[in-house]
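The values are calculated or read from the model by the stated rules, or taken from the named source; none is laboratory data. Keep in mind the model is a prediction, meaning the values are calculated, not measured. Cβ sites come from the backbone with ideal geometry, for glycine too, and all protein chains shown count toward neighbours.
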Amino acid sequence: MYLNVSFKPAFTLIAGLSLMLFFSWGDTFAAEKDTMNAKLSLPSETKGWTWDGKDETFNNQTIFKYIDGAGELYLAYGFRGLTVRRFEGPGKPLLVAEIYEMGSSEDAYGVFTFERQEEEADVGQGSEFGGGLLRFWKGVYFVSVYGEGEGAEMDSAVLELGKRIAESIKVPGSKPALLGFLPDKTFGLDTANMYFFRSHVLLNQRFFVAHQNILQLGRDVEAVLGPYDREGKRMHLVLVRYPSNKRAQDAFQTFVRAYMPEAAASGSVKTEDGKWTRIRAYGEFLAIVFGALTEAEAEKLLAVTGTNLKGKTR
Amino acid sequence: MKDHLVITRRDFLRGAAGALAGAAFGSGFPSTSGAQEKTRVVLIRNADVVSAAGAVRADVVQSMLDEAVKALLGASGSADAWGKLFKKSDVVGVKSNSWNRMPTPKELENAIRRRLLDVGIDEKNISIDDRGVLSNPVFAKSTALVNARPLRTHHWSGVGTCLKNYIMFVPDPWAYHDEGCSPLGKIWSLPMVKGKTRLNMLSALTPQFWGRGAHFFDRRYVWQYKGLIVGTDPVSVDAVGAELLKKKRIAFFGEDRALDVAPIHIVAADKTYHLGVSDLSRIELIKLGWQDDVLL
């Protein structure tokens, strides 16, 4: 029974990963604690709602209390701190703004896009609004604003508050550069469903590869997942950048050994669904195509990726 | 050679692991009772328990709970039923859920407390708690537990149900989130928990059947189902709850829209930790009360 054999190592892995995240950022946060509000001049009122005067703040040790044990998503993106600001109005439901300071603008982009599903709302550098919830990213911040009631007045207040918070973030950020190395829409890239991540647990939530961390992802690694639609079929390209060529080579080996041991020499295998998986290393980068209809199609995506990476490798 | 113990996408493609995950909860409830041993779960609904504005009627919740526990144990009355589960000398922790967007209804907590008091348990030996259970003296010396939480989808475990509700019994909940929270079953073997849970219940008064992200409540995916799901087997209760949410997603979206993760921890609790029965064909579901749009 596969469940029996797979839990122990995977459990150890995630526990280790979580503890590593938990402790490695503790000192950093201590130094930066209380600086978020100094960096940002958050609004104190919006459209009839007024700040209740009390900000709640959370760090990487207390975020679990606020997010019902689900803080790993933020920790996996270099979470540094959270400020929760509530707004009240006479006879009005509560308005709540959550401002997450992430490890980098790429991380802020990553946590935003990881859960994106609604239409763009033109707030910050990327946003969505639906079901009374506004989510956006700008600079190193990921922000969510929601109202505990519903209706046009509440929706308007949520959007207005979001825009004002976005205005208070003066320094914009960059999207992950890796996204620019993916073969573009002319190859069928579904840009609405690209993801940036550093954790294999998050990769698996969007595209399952393996329970274990066979690509050796981690906080010092960047990765993107690009879905491609070709002839009505979907394939995926995972592109990873490691801190060094050696790390990339090590990950190449662990991936091939676990995923395609019969293809160590060719780097290409026809999997059990009749589709193709193909891997290639480019310096500190690894690119893997999953689910190509033909080997040639997999090679084509890798070749274009290689062209895009020219001059970018160490 | 492939590394041992590594489960990859290819294992699912070839069907070995996929069959288990895909057919997680079997092929549906049995149409009639068979010879094979079954667990029992009671689903009770009442059209009047929640108003259109969302107010919960405490008297109706009490009545639903009483009927459910009575049917579950095949007892002649509510007092008889609760008397089969608890004794006067018990020290009882009621593990609730305080997530601010969808907590265990106070009306349900109070209904449980009422019946524990009726058994004759001293008030000081009853405590209702969620995030403070590890430091709660009643839970520390508890001889019995009641597990009561709302039914909803969950970012890390697929569904937030009874098995997941015990995650606050460990100091490092994040360590249980891998593989769709499959290690959750391990918590049930801890001394503070093991063998103590007498009742498991999911509040399906207003469940959330779909959602995204780590902590997001979305009113578009919450509906007034007006039910309680009650059993002694947490795995069976959870399997029924997960099936209900799945049926609602199919009714709402026209398909079983994928959750962030599949709720495989329920199957793991059965197959790996032997905490109960996850196969719907081995669960006797007793449906009481209001049957409109029951889905199950």
Exercise for the section: Would you mind stating whether A:R219 is in the same structural domain as A:L182 (by TED's automatic domain parsing), surrounded by fewer than 23 Cβ atoms within 10 Å (Cβ to Cβ), among the basic types (K, R) and not in a loop (DSSP other than H, G, I, E, B)? Expected result: no
Problem - Candidate set from segment B:163-180 (those that are touching a strand residue (DSSP E or B) at 6+ places or on another chain (Cβ under 9 Å) and within 10 Å of chain A (Cβ to nearest Cβ)); member that is surrounded by the fewest Cβ atoms within 10 Å (Cβ to Cβ) - result: B:M168
Completion exercise
All-but-one check, A:N245 against (1) more than 24 Å from B:I7 (Cα to Cα); (2) crowded, with 19+ Cβ neighbours inside 10 Å; (3) of a type outside the set (F, W, Y); (4) touching a Gly at 6+ places or on another chain (Cβ under 7 Å), failing number (2)
Handout entry: Flag for B:I128 being β-branched (V, I, T) and closer than 22 Å to B:V60 by Cα
Key = yes
Exercise for the section: Determine, yes or no, whether B:S96 is within 19 Å of B:R57 (Cα to Cα) and under 15 Å from the mean Cα position of the chain (by Cα). Expected result: yes
Handout entry: Test: residue in segment B:162-182 that is among the acidic types (D, E) and part of a helix (DSSP H, G or I)
Key = yes
Practice task
Being away from chain B (no Cβ under 14 Å), more than 15 Å from A:F187 (Cβ to Cβ) and small (G, A, S) is the filter here, so list the residues in segment A:203-231 that pass it.
Solution key: A:G218, A:A223
Problem - So A:R198, is it crowded, with 18+ Cβ neighbours inside 10 Å, among the basic types (K, R), within 14 Å of chain B (Cβ to nearest Cβ) and touching a residue at least 12 places away in the same chain (Cβ under 8 Å) - result: no
Exercise for the section: Specify which of the listed residues (B:G211, B:G160, B:G185) is under 30 Å from B:F12 (Cβ atoms), within 14 Å of chain A (Cβ to nearest Cβ) and under 12 Å from the mean Cα position of the chain (by Cα). Expected result: B:G160
Exercise for the section: Test B:N136 against the criterion of being out of contact with any Leu (no Cβ under 7 Å at 6 or more places or on another chain) and under 30 Å from A:I67 (Cβ atoms), and give yes or no. Expected result: yes
Completion exercise
Restricted to segment B:217-226 and to residues being within 14 Å of chain A (Cβ to nearest Cβ) and touching a residue at least 12 places away in the same chain (Cβ under 8 Å), the residue farthest from B:A52 (Cα to Cα) is B:F217
Practice task
Select from segment A:280-303 the residues that are assigned to a helix (DSSP H, G or I) and either within 27 Å of the chain's Cα centre (by Cα) or not small (G, A, S) (or both) and list them in ascending order.
Solution key: A:E295, A:E297, A:A298, A:E299, A:K300, A:L301, A:L302, A:A303
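Residues checked against (1) modelled with pLDDT under 95; (2) under 30 Å from B:P171 (Cα atoms):
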position: A:N59; (1), (2): yes, yes
position: A:L73; (1), (2): yes, yes
position: A:P93; (1), (2): yes, no
position: A:S105; (1), (2): no, no
position: A:R116; (1), (2): yes, no
position: A:G130; (1), (2): yes, no
Exercise for the section: Return yes or no: is B:L205 crowded, with 24+ Cβ neighbours inside 10 Å and either within 14 Å of chain A (Cβ to nearest Cβ) or touching a Ser or Thr at 6+ places or on another chain (Cβ under 6 Å) (or both)? Expected result: no
Completion exercise
Those residues of segment A:187-216 that are assigned to a loop (DSSP other than H, G, I, E, B), in contact with a strand residue (DSSP E or B) (Cβ under 7 Å, 6 or more places away or on another chain) and among the aromatic types (F, W, Y) come to a total of 1
Practice task
Give A:L134, A:L203 a once-over and let me know the one that is assigned by TED's automatic domain parsing to the domain that holds A:V96 and aliphatic (A, V, I, L, M).
Solution key: A:L134
Completion exercise
A:Y66 meets each of (1) within 12 Å of chain B (Cβ to nearest Cβ); (2) buried (at least 21 other Cβ atoms within 10 Å of the Cβ); (3) of a type in the set (F, W, Y); (4) over 25 Å from A:L225 (Cβ atoms) with one exception, condition (2)
Practice task
Please note which strands (runs of 3 or more DSSP E) are completely contained in segment A:115-186 and include at least 1 residues that are among the basic types (K, R).
Solution key: A:133-138
Problem - Residue count for segment A:232-279, restricted to those that are assigned to a loop (DSSP other than H, G, I, E, B) and within 10 Å of another protein chain (Cβ to nearest Cβ) - result: 6
Practice task
Kindly indicate the residue of segment B:265-282 that is within 14 Å of the chain's Cα centre (by Cα) and either aliphatic (A, V, I, L, M) or part of a strand (DSSP E or B) (or both) and also farthest from the other protein chains (Cβ to nearest Cβ) among those meeting that condition.
Solution key: B:V277
Problem - Matching residues in segment B:80-106 - criterion: being in contact (Cβ under 8 Å) with a residue 40 or more places away in the chain and more than 18 Å from B:N147 (Cα to Cα) - result: B:S89, B:R101
